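The values are calculated or read from the model by the stated rules, or taken from the named source; none is laboratory data. None of the values given here were measured: they were computed from a predicted structure. Here Cβ is always computed from backbone atoms with ideal geometry, including for glycine, and neighbour counts include all displayed protein chains.
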Amino acid sequence: MNFSEIKSAVSHLKKTTKCGHCDQKYKDADISVIASTQKEALFEMRCPKCDGSSIVTVFQTTNEETVEELEVQYREHHKIEDKISENDVLDIKNFLTKFDGNFKKIFTKEQ
C-alpha cells in the first residue's frame with residue numbers, strides 16, 4: 001500500500017472502530033503501521049484511555065474483487081491450508097510460550 005492508501009485506511013479505521021475494552025474512539029496518533037505489502041497492511045491501535053492494544057489487518061480491494069477472491073489470493077500467497085495439523089498446534093504453542101508481546105520486533109528487521 002502506498003502512503004495515500006495507508007492514510008485512507010487509517011481514516012476508515014478511525015471512523016469504523018473503537019477500543020474493544022472501553023469503547024474509546026481512536027485518533028491518528030493512536031494508530032501505527034506495523035507492516036505493509038502491495039495489497040494489505042497491519043496496524044496496531046493503542047487506546048489513549050485504557051492503553052488496550054488491538055492488531056488489525058486491512059486489505060485493499062478493487063471494484064472487481066470480492067472479499068472471497070481476496071481471501072483465496074491471501075491463502076495462496078501465504079500458503080495457508082484449510083486443515084490444522086497437530087504440528088501446527090504445537091508450533092503455535094511453542095511460539096506463544098516464548099513470545100514477549102513485541103509485534104514490532106516480529107515484523108521489522110530490528111532484532
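Screening region 52-84 for residues that are surrounded by fewer than 12 Cβ atoms within 10 Å (Cβ to Cβ) and at pLDDT 80 or above and picking the one that is farthest from the chain's Cα centre (by Cα) gives Ile55.
With respect to Val89, is the statement that it is free of Cβ contacts under 8 Å to residues at least 60 places away in the same chain, closer than 16 Å to Met1 by Cα and not charged (D, E, K, R) true?
Taking the combined requirement at face value, the residue does not satisfy it.
Counting only residues that are in a helix (DSSP H, G or I) and over 15 Å from the mean Cα position of the chain (by Cα), region 17-43 holds 2 of them.
Look at region 1-28: where a residue is without any contact (Cβ under 8 Å) to a residue 24 or more places away in the chain and under 14 Å from Gln60 (Cα atoms) and a partner is among the aliphatic types (A, V, I, L, M) and in a loop (DSSP other than H, G, I, E, B), sitting 6+ places away or on another chain with Cβ atoms under 9 Å, you get Ser8/Met1. Being surrounded by 13 or more Cβ atoms within 10 Å (Cβ to Cβ), at pLDDT 90 or above and charged (D, E, K, R) is a condition met by at least one residue of region 11-23.
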